[in-house]
Structures are given as C-alpha cells and as structure tokens.
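Single-structure report; data block below.
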Amino acid sequence: MLSLLEHMYHELGLVKEFNMNKVTLKRWLLCVQENYRNNPFHNFRHCFCVTQMMYGVIHKSGLLDRLSREDIAILITSCVCHDLDHPGYNNTYQINAKTELAIRYNDISPLENHHCAVAFQILSNPETNIFSNVDQVTFKRIRSGMITLILATDMARHGEILANFKDKIDTFDFTKDEHLTSVSDEIPSCRASTGSDLLQYKNNEMSNVTASSQVRYVYDMNTLIMR
Ligand SMILES: [Zn+2]
C-alpha cells in the first residue's frame, strides 16, 4: 500500500510540481501509516481504500485537465490524512463520554479536528513535510484546503454541503471558483467504499457522459468513498 500511494504522488505529477524530496515522501507515508491505529475500520487500509478511490475518480473524471495540481494535491493528501489517529469511536460517543477530544474541540467535530491536527503535526516536522519546498503562500493555501476538506468529512455536515452542491450542479462551471469550492467541499463529504459501491463504480460508463453529469458522477462516487 505504501508503494502504491507513493506511485500516485509521482504519477499525478505532484512530486515534480511541488519539488518533493523522494525520501521525505517515503518517510511521510511511513509516518502516516504509523499514525493510523489498528482498529477494525478506520485503519490504514481504510486510508488506502479512500485514497485509491479518489485516484480513480481523478483519472476517470478527467480532473487532471480541469483542476490545478495544487487542487489535486489537496484532494489526495486530504484523503491520505482524513482519519489519522482515529480512536474507533464516533463523535457522538466522544461528546457523550466527554472525552479529551470533545473537551479540546468544544464538541465541534472533535474527530475531524483531531485528524487534521495530527496531519499538520506530521507536516510540521521537516523530516516528514512533503511540502517543505513550496513557498509560504502556497503552503497556506494547501493547508486551508486540507482543513476545509478534512473537516467536511464530518457526516453531521453532509446535508448542508450536499444542498450547496446540488444548487450548482445543473449549471456547473469549472471556471467558477465558487462552483469548484462547492465540489471540493462535497467530494470529501463522503462514505466509505464497500464491495457493492465499488461494483457500482465499475458499472458506470464515464466515456458516455457529459461534463455536468461527470460532476454528478464525481459527487455520486465520492458520496460512497469517505467517512
Ligand atoms: Zn474515513
């Protein structure tokens, strides 16, 4: 799984675009793996499943031609990091049990805030910062994008994000920032892939759909991907 994730960063052109140190990329992936717990679902395998599904969607939907490499980096890195250090119990449990995470984040998406904070703790170490060669302004944008996407994985916000996306889907325009933001928000607000979801994915014929239905497809697919 580590090698495949590493390959995705190379193949998507992210290593080249952000001048990533190849050894740092390996170290970062290893550190990410070590920071997923060995619980039944939200483990490193889940991280891999979500990321490889996003990788498939990026290619099948032609997103490499429509989004910037920075957006692609934000999407794929958010997938890799989106459940870091998940303790295996959901937000409702965290809040009801008044856990340390719930208290730290005042009951506001405690898990998602934690996943994101761990992601940036890892990236704050120069040894494991894959973005160490990007300028500060770019890093700020990447950080902001990742925070938005990882926090959007709180299913309590799914209805609100979906409604915003549905408002724009019939007139979707890749050149409008507002529309891109709505799809970027929607993509991670998604469900974990299961066997039947994967089957549905394979049964879709991307080559025959129009641009706007491609966006709908990206949404439909991604609603199956992340949790
Ligand atoms: Zn997840």
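The values are calculated or read from the model by the stated rules, or taken from the named source; none is laboratory data. Keep in mind that what you see is a predicted model, and the values were worked out from it rather than measured. Note that we place each Cβ from the backbone using ideal geometry, even for glycine, and neighbour counts take in every protein chain shown. Areas reflect the complete protein model, heavy atoms only, side chains present, ligands, DNA and RNA absent. Shrake-Rupley method; radii C 1.70, N 1.55, O 1.52, S 1.80 Å.
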Give L63, L30 a once-over and let me know the one that is over 11 Å from the mean Cα position of the chain (by Cα) and more than 24 Å from P126 (Cβ to Cβ). L63
Enumeration of residues in segment 117-154 that are of a type in the set (A, V, I, L, M) and over 22 Å from H46 (Cα atoms): V134, V137, I142
Go through segment 42-86 and give me each residue that's more than 16 Å from the ligand (Cβ to nearest atom), buried (at least 18 other Cβ atoms within 10 Å of the Cβ) and among the aliphatic types (A, V, I, L, M). I58, L63, L67, I72, A73, I74
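With open to solvent by less than 30 Å² (accessible area, probe 1.4 Å) and over 19 Å from the mean Cα position of the chain (by Cα) as the only criterion, which of A102, A97 stands out? Let's see the steps before the verdict.
On the way: A97 fails: open to solvent by less than 30 Å² (accessible area, probe 1.4 Å).
Every option except A102 fails the conditions.
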Across segment 78-107, what is the total count of residues that are among the acidic types (D, E) and either in a helix (DSSP H, G or I) or farther than 24 Å from Q33 by Cα (or both)? 2
Name the pairs: first residue in segment 40-64 and closer than 15 Å to H10 by Cα and in contact (Cβ under 8 Å) with a residue 60 or more places away in the chain, second residue in a loop (DSSP other than H, G, I, E, B) and away from the ligand (no atom under 16 Å from the Cβ), Cβ to Cβ under 7 Å, at least 6 apart or on different chains? none
